[in-house]
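Heads up, the thing below is written out as structure tokens.
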Amino acid sequence: MKKQKLVVSALLVLIAAYIAGSFAYKYFYLKNLNFIASENASVFIRPHSPIVGNENAKTYIIEFFDPACETCKQFYPFVKKIMQKHPEQIKLILRYAPFHTDSYYIVQMLEAAKFQNLYFETLEVIFKYQDQWASHQAPNIAKLWSFLPEAGIDVEKLKSDMKRPEIDVIIKQDIEDGKLLNVSQTPEFFVNGKPLKRFGYKELEELVNSEL
């Protein structure tokens, strides 16, 4: 009986320690993010980062995304709706977190599309046909080439621009910033430097509204 009590007591102590550790981790993580947001805003926004909305807006949403991520595609129209509700008050900053197989290559396409001023048109096409090229078991990037002209892209120029060394620098910078911010899945959102405490459509909208 005494042994059973000791085992139960030990388990309760371990559970309490785990819970306390989890709260402590979240507290210091959030505190660290607040510090980063105020002291090192470049971790959230880089000069190369694509921006949607009013560049002078005081409320900004930072989204780390992967073009092969199904949830990123699902959130894309929802984030657009938030932007449409507050066209002058919000700006969206896009950052890369290419976790899926071959996503790095797709991000290179997106960056190369900037040289034709067709970044967002290309992103729309990539998401539109995601289910045809982005199978998690066997992605088929080759299929995407046939869809890109829909964005008005000169495909041969795109292929050439993808080889530019500055594109790799941009993507690797985003990956490093994501690591610093503990981005481990996509999409990952920050609003004015504050992360979502719970992931979801409603939670994102509430965080945005609280910052407006």
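Quick note: the coordinates plus some simple rules give every number you see, no bench work behind them. Please read these numbers as outputs of a predicted model, since none were measured by experiment. With ideal geometry, Cβ positions are generated from the backbone for all residues, glycine too; neighbour counts draw on all protein chains shown.
Tabulated values for the structure
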quantity: Net charge over other residues, Cβ less than 10 angstrom from the Cβ of Ala134 (K, R count +1; D, E count -1); calculated: -2
quantity: Order by protection proxy (mean Cβ within 10 Å, highest first), peptides 100-107, 168-175, 197-204; calculated: 100-107, 168-175, 197-204
quantity: 27 Å Cα-Cα threshold exceeded, pairs from Lys81/Lys179; Lys143/Lys202; Lys81/Lys197; Lys80/Lys157; Lys81/Lys157; Lys73/Lys159; calculated: Lys81/Lys179; Lys143/Lys202; Lys80/Lys157; Lys81/Lys157
quantity: For Ser135, residues with placed amide H under 5 Å, excluding near neighbours; calculated: Asn140
quantity: Full-stretch length increase - Arg164, Lys114 - with 0.36 nm per residue and alpha-carbon distance subtracted; calculated: 16.8 nm
